[in-house]
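Report on the following structure.
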Amino acid sequence: MSSEPADWAAYAVAGVREWEAGFGPVEPHASVSVADDQMRAALDELGERLRENYPFFSPRYAGQMLKPPHPAAVAAYSAAMRINPNAHALDGGPATAQLEREVVADLAAMFGFDREPSGHLGHLTSSGTIANLEALYVARQSHPGKAVAFGAEAHYTHQRMCGVLGVEALRVPADDRGRMDLAALADLLVTGRVGTVVATAGTTGLGAVDPVNEIVQLARRHGARVHVDAAYGGFFTLLAEPPDPLVDPVPWRAVALADSVVVDPHKHGLQPYGCGAVLFRDPTVGRFYVHDSPYTYFTSDELHLGEISLECSRAGAAAAALWTTLRVLPLTPGTGLGAVLAACRRAALHWDRHLAGSPVLATYQPAELDIVTYWDRRARTTGEVDASSARILRDGMRDADPVFVSTLSVSAADFARRHPDVRVDGERVRVLRSVLMKPEHEAAVPWLLDRLETLARAASPLEVSR
Ligand SMILES: *Cc1c(COP(=O)(O)O)cnc(C)c1O
């Protein structure tokens, strides 16, 4: 192995240029040609501007859900972007449309849906938001006049998209682990108002996995659909495999019984932004999308991705990037993407194990995936917890040896349910939160914890109480 990583993007683009050369030379028009000096100056300026970023690539960054894509994705995206295919219609990019079908079949199979075209319907989207919108749109079309129920910890997009769709939204309270409360769901279902239940498999804040299995059973009893929002957590289903599952297999197995599921390859699938996915178990829901376009669809009778999607133009390069990534890191449990997720999950387990014996920091609630939440255990009131979290976040970023974390605002009542010994003296409280979503975090956990405990100790308990 060479010490300098290969420039795979340049390698992949060279392949496209070779293909282009087969069509003969094209002289760029004067209106778009730019002098080298001018190009260099603009790019240098950009380089300066881009420094105004947090180091998402580094294990020092253990804050929000952010990390760079895999080099395979960067290379494939760069190459396909040079062609710039549009996923909307087969004419806009036949090659990437085919790649998209293949990766969608892979994702369907990962969740236990039938990988054959007759056994699922799905496509990539530009985000998890749009993917969820499509699932809720199909929910509305198939259960008109009925409400959508989702957990109190569900992503805010569900409330918002119910508003967009003009569908009644019902919030189901969470239990003391941030999961949908089943008794509360059952009470809602008996009213007959609910057409669709949204289960979240990996909440954005805590990484809590709703009891999908029980939700499916309850919903079925009342004729309701089930949509699983696994935008963040979806790929963790790879860790639900025997003999040593690193996540509870029960909810993940049950995703196969849901009517639809969303996963964001741009979160845990090593992709650049612009890559969500929605999958339906029943391919006949395609009828809800039917439309006629005078502009597009003319080269074949095959189903066009644009015919089963609410979005029109969408980057074909996203499919190329995901397809290539899954060639080198397939959706397998112990290897490929599974090994990436396993390292992240082990990092979180290690984190919580360490905090159980820490004199300074405590776990807010045990991590189910790779999102850890923690607080200054020396605090005696929720106000002190809040102040300490804010200070550690700020001091960590400012330090010469920086560490970047994030905070999660929870209600004081939710805090008290988990930690009744801390006196409540306010409405809300910030706890610290780290998304350990880079496999490199596994090796970095001891260092990260040491830095955070040092930062916490730097304030005397007296200072914490102010
Ligand atoms: C991130 C996320 C979304 C929204 O997806 P985007 O890709 O950011 O639009 C929806 N639901 C959950 C559970 C998420 O984690």
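Comparing Cα centroids, segment 51-124 and segment 165-208 end up 29 angstrom apart. Over the chain, DSSP H runs of length four or greater, each weighted -39,500 (n - 2.57), average out per residue to a 222 nm ellipticity of -12500 deg cm²/dmol. The P(r) of the chain has a tail past 35 Å containing 37 percent of all C-alpha pairs.
Report the GluC sites (Glu not before Pro) located in segment 44-79 that are in a DSSP loop and have at most 13 other Cβ atoms inside 10 Å of their Cβ, or state none. Filter output for segment 44-79: GLU52. So which lysines pass the test for LYS438, namely a Cα distance under 21 Å, with those fewer than 8 places away in the same chain ruled out? List returned: LYS67, LYS267. Which shape class applies to segment 357-407: rounded if a/c is under 1.5, otherwise prolate when a/b exceeds b/c and oblate if not, where a ≥ b ≥ c are the square roots of the Cα gyration tensor eigenvalues? Oblate. The value of relative contact order for segment 1-101, using C-alpha pairs under 8 Å at least six residues apart, is 41 percent. Sorting PHE280, PHE23 on solvent-accessible area from highest to lowest, probe radius 1.4 Å, gives PHE23, PHE280. Only the Cβ atoms of Lys and Arg (+1) and of Asp and Glu (-1) were treated as charged; on that basis the dipole of segment 330-445 about its Cα centre amounts to roughly 140 debye. Run the reach check for LYS146 against aspartates and glutamates, Cα to Cα strictly under 12 Å, same-chain hits fewer than 8 apart removed. What comes back? Candidates past the 8-residue exclusion: GLU168.
Averaging Cα coordinates gives a centre for segment 217-289 and one for segment 392-438; these two points are 29 Å apart. Scalar couplings 3J(HN,Hα) for segment 92-103, obtained by applying the Karplus form with A = 6.51, B = -1.76, C = 1.60 to θ = phi - 60°, are x, x, x, 5, 6, 4, 5, 4, 5, 4, 5, 6 Hz; x denotes Gly and Pro.
If you sort the three axes of the alpha carbon gyration tensor as a ≥ b ≥ c, you get a/c of 1.5 or more for segment 173-322 and a/b no higher than b/c, which makes it oblate. Counted over the chain, the DSSP beta bridges are approximately 60% antiparallel.
The phi torsions of segment 204-218, fed into the Karplus equation with coefficients 6.51, -1.76 and 1.60 and a -60° offset, translate into couplings of 5, x, 10, x, 6, 10, 4, x, 4, 4, 5, 5, 4, 4, 5 Hz, rounded to whole numbers, with Gly and Pro shown as x. For the Cα trace of segment 324-398, dividing Rg by the Kirkwood Rh returns an Rg/Rh value of 1.16. Placing +1 on the Cβ of every Lys and Arg and -1 on the Cβ of every Asp and Glu, with no other charges, gives the chain a dipole of roughly 1320 debye about its Cα centre. Keeping the other protein chains in place, figure out the carbon and sulfur percent of the accessible area of segment 105-178, with a 1.4 Å probe. Exposed carbon and sulfur together represent 48 percent of the surface.
Please say if segment 43-183 is rounded, prolate or oblate, where rounded means a/c under 1.5 for a ≥ b ≥ c the square roots of the C-alpha gyration tensor eigenvalues, and otherwise the choice is prolate for a/b larger than b/c and oblate otherwise? Here segment 43-183 falls in the oblate category. Taking only protein heavy atoms and a 1.4 Å probe, the accessible area of segment 213-275 is 55% carbon and sulfur. Applying the Karplus relation 6.51 cos²θ - 1.76 cosθ + 1.60 with θ = phi - 60° to segment 267-276 yields 3J(HN,Hα) values of 9, 10, x, 6, 9, x, 4, x, 9, x Hz, where x marks Gly and Pro.
Every Cα-Cα pair in segment 342-466 was counted, and those over 20 Å apart are 38% of them. Taking all protein chains together and rolling a 1.4 Å probe, ARG428 ends up with roughly 130 Å² accessible.
Within the shell defined by Cβ-Cβ distances under 12 Å, the residues around LEU408 carry a net charge of 0, with Lys and Arg each +1 and Asp and Glu each -1.
Excluding ligands, DNA and RNA, the accessible surface per residue across the chain is 46 Å² with a 1.4 Å probe.
For the chain, averaging the sequence separation of C-alpha pairs within contact (under 8 Å, six or more residues apart) and dividing by the residue count gives a relative contact order of 18 percent. Less than 5 angstrom separates the built amide H of ALA199 from those of HIS227, VAL228, ASP229, all sequence-distant by 5 or more or on a different chain.
The values are calculated or read from the model by the stated rules, or taken from the named source; none is laboratory data. All values reported here derive from a predicted model rather than from experimental measurement. For neighbour counting, all protein chains shown are included, and Cβ atoms are generated from backbone atoms with ideal geometry for every residue, glycine included. Just the protein is used for accessible areas: all its heavy atoms, side chains included, with ligands, DNA and RNA removed. Shrake-Rupley method; radii C 1.70, N 1.55, O 1.52, S 1.80 Å.
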